[in-house]
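Report on one structure; see the data block that follows.
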Amino acid sequence: MLTILDPVGVPREGAGASVPVAPDLAGKKVGILTNRWKSMDRMADRMAARLKEVYGAAAAPVYGIPINGAMSDEVRRSVIEECDAAIVGLAN
Amino acid sequence: MSAVQPVGLPARTLAVPDDVEEAFAALYEQGMTDGLPVIPPTPERVARMMTATARPPSDVVAELPPRGGVATIEKLAINAVMAGCRPEYFPVVVAAVEAMMEPQFNLGGVQTTTNPVAPFLLLNGPVRRALDVNCGAGALGPGRRANAAIGRAIRLILVNVGGAIPGDVDKSILGMPGKYTFCLGELEEESPWEPFHVENGYAPGDSTVTVVSSQGTQSCAASFLQPESILMMLANAMSAYGANSYTKGNGNPVVILPPAHARLFADAGWDKRRIREWLFERTKIPRSELPAEPRLLDTTARQRVEDGRLCICRQAGDIVVIVAGGPELNHVAFLASFGNDLAIRRIGAGPC
């Protein structure tokens with residue numbers, strides 16, 4: 001047998017766990033980011049309604065992000081400053 | 001594939017059969033190849049690859065989306081070995097990965113879009129000759145190891161570290177051949193204009209890699225002697241509403257002029273800027289020529305419209321003009337772009 005090195009890169013330990021999980025959403029402002037696929041727009045509307053009706057979110061503002069480019073620092077800052085949590089979505 | 005590991009640990013070892021065909025079959029079955037045979041990345045070969053950099057094996061170059069796989073120097077070297085790279089190619093591979101991680105390149109989008117897009121690699125500076133990079137006839141075709149292996153290493157890295165498994169996370173509907181390899185050098189020696197990297201503020205003696213997400217090549221037969229005739233052919237080839245840059249209102253369309261065409265333009269007093277401006281104006285598409293029905297992804301509000309006509313990108317300066325290809329005065333080429341995402345990185349910058 002031949003010994004080789006594994007080419008597969010795996011995520012950093014704890015990746016994805018660095019953001020604290022919100023224990024509940026009651027009274028929170030939850031941003032929804034959409035790149036404006038129609039399907040994502042529909043999901044954003046429904047998520048916004050459910051976040052308020054079922055989870056008691058205070059607001060669920062929708063932020064538009066580029067369809068074929070990086071999110072601008074301006075939008076990123078707005079979401080960070082204005083929201084307690086955010087949903088980043090793509091429904092292609 | 002979903003396991004996590006502490007950063008910086010050496011890659012784990014795998015045992016594969018000694019026989020080359022069986023070793024390839026074992027790697028293929030684990031989804032670690034692009035479908036073509038690979039060089040088995042033995043510890044000795046990987047160590048030899050890493051002699052081309054001063055950076056330690058555990059050094060983290062990037063965490064590549066969408067998986068967030070940690071791209072250590074060692075992981076990049078393993079994939080470079082598999083792709084057939086010589087050690088001297090390795091700094092180019094590292095620089096290309098760093099360029100793709102520039103925020104504007106939007107690698108997460110490039111990796112996962114339904115658009116058949118791949119990073120196009122443009123090499124400039126002394127590295128082209130040092131590595132025998134093809135800048136001339138057939139530069140985007142088969143036959144030259146540097147072009148083939150550097151581009152292929154990037155693809156293997158995007159799959160094995162970034163997790164862009166075709167049909168799974170890589171949602172590209174059709175894919176395209178440039179997803180195997182997509183790399184050339186600018187034919188600076190035969191260009192009447194300053195090289196692309198010098199246009200962008202680098203010194204002629206710098207070596208750079210530029211990455212642009214591209215949908216592929218469109219050749220057009222432009223065997224004319226008047227600059228406007230050649231540009232009319234190019235503009236006709238470029239004016240395709242289905243290209244992402246029209247529907248989204250931004251992009252970096254790439255125009256590749258072979259040296260005979262470039263000299264013809266220069267002799268007639270044309271520079272790259274004039275070419276860009278001419279093409280930007282003549283590639284506008286009247287809205288009346290397009291379907292009235294909104295696309296499912298309705299990007300109408302984002303499109304760049306001037307005088308009722310859609311523009312190929314945001315501004316003339318976003319069009320990339322380079323010189324490469326064979327000596328005949330015939331075919332010129334155009335690469336449609338995915339986004340306004342061009343990024344340049346000096347090869348060997350930093351500790352490499």
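The values are calculated or read from the model by the stated rules, or taken from the named source; none is laboratory data. Just so it is clear, the model here is predicted, and its values are computed rather than measured. Note that we place each Cβ from the backbone using ideal geometry, even for glycine, and neighbour counts take in every protein chain shown.
Please verify whether B:Lys171 is within 12 Å of chain A (Cβ to nearest Cβ), in contact with a helix residue (DSSP H, G or I) (Cβ under 8 Å, 6 or more places away or on another chain) and charged (D, E, K, R), treating the condition exactly as stated. So B:Lys171 fits the description; yes.
When you check B:Gly175 against the structure, is it at positive phi, part of a strand (DSSP E or B) and not basic (Lys, Arg), yes or no? No: the conditions fail for B:Gly175. Here A:Arg76 fits the description: modelled with pLDDT of 85 or more and either charged (D, E, K, R) or touching a Gly at 6+ places or on another chain (Cβ under 6 Å) (or both). Assess whether B:Pro195 counts as being touching a Pro at 6+ places or on another chain (Cβ under 8 Å) and crowded, with 16+ Cβ neighbours inside 10 Å. Here the answer is yes, as B:Pro195 does meet what is asked. Within region A:45-71, the set of residues being within 14 Å of chain B (Cβ to nearest Cβ) and either touching a Lys or Arg at 6+ places or on another chain (Cβ under 9 Å) or among the small types (Gly, Ala, Ser) (or both) comprises A:Gly64, A:Ile65, A:Pro66, A:Ile67, A:Asn68, A:Gly69, A:Ala70. Counting only helices (runs of 4 or more DSSP H) that sit completely within region B:202-303, those holding 1 or more residues that are farther than 24 Å from B:Asn106 by Cβ correspond to B:227-238, B:259-267, B:272-282. Given the conditions (1) more than 9 Å from chain A (Cβ to nearest Cβ); (2) in a helix (DSSP H, G or I), and given that B:Leu121 satisfies all but one, which numbered condition is not satisfied? All conditions are met except number (2).
Number of residues in region A:53-87 that are in a helix (DSSP H, G or I) and surrounded by fewer than 13 Cβ atoms within 10 Å (Cβ to Cβ) equals 6.
Listed by position, the strands (runs of 3 or more DSSP E) contained in region B:4-94 that have at least 3 residues being touching a residue at least 12 places away in the same chain (Cβ under 8 Å) and buried (at least 17 other Cβ atoms within 10 Å of the Cβ) are B:60-64, B:69-72. Considering only residues that are part of a loop (DSSP other than H, G, I, E, B) and within 10 Å of chain A (Cβ to nearest Cβ), look in region B:95-113 and name the one that is nearest to B:Arg45 (Cα to Cα). Among those that are part of a loop (DSSP other than H, G, I, E, B) and within 10 Å of chain A (Cβ to nearest Cβ), it is B:Glu102.
Within region A:1-50, the set of residues being within 19 Å of B:Leu9 (Cα to Cα) and buried (at least 17 other Cβ atoms within 10 Å of the Cβ) comprises A:Ile4, A:Leu5, A:Asp6, A:Pro7, A:Val8, A:Gly9, A:Val10, A:Pro11, A:Arg12.
Among the candidates A:Glu81, A:Glu74, the residue that is within 14 Å of chain B (Cβ to nearest Cβ) and acidic (Asp, Glu) is uniquely A:Glu74. Would region B:265-281 turn up any residue that is touching a Cys at 6+ places or on another chain (Cβ under 6 Å) and under 16 Å from B:Cys220 (Cβ atoms)? Within region B:265-281, not a single residue is touching a Cys at 6+ places or on another chain (Cβ under 6 Å) and under 16 Å from B:Cys220 (Cβ atoms). Exactly one residue out of A:Leu33, A:Leu90 is among the hydrophobic types (A, V, I, L, M, F, W, C), at pLDDT below 95 and in a loop (DSSP other than H, G, I, E, B): that is A:Leu90.
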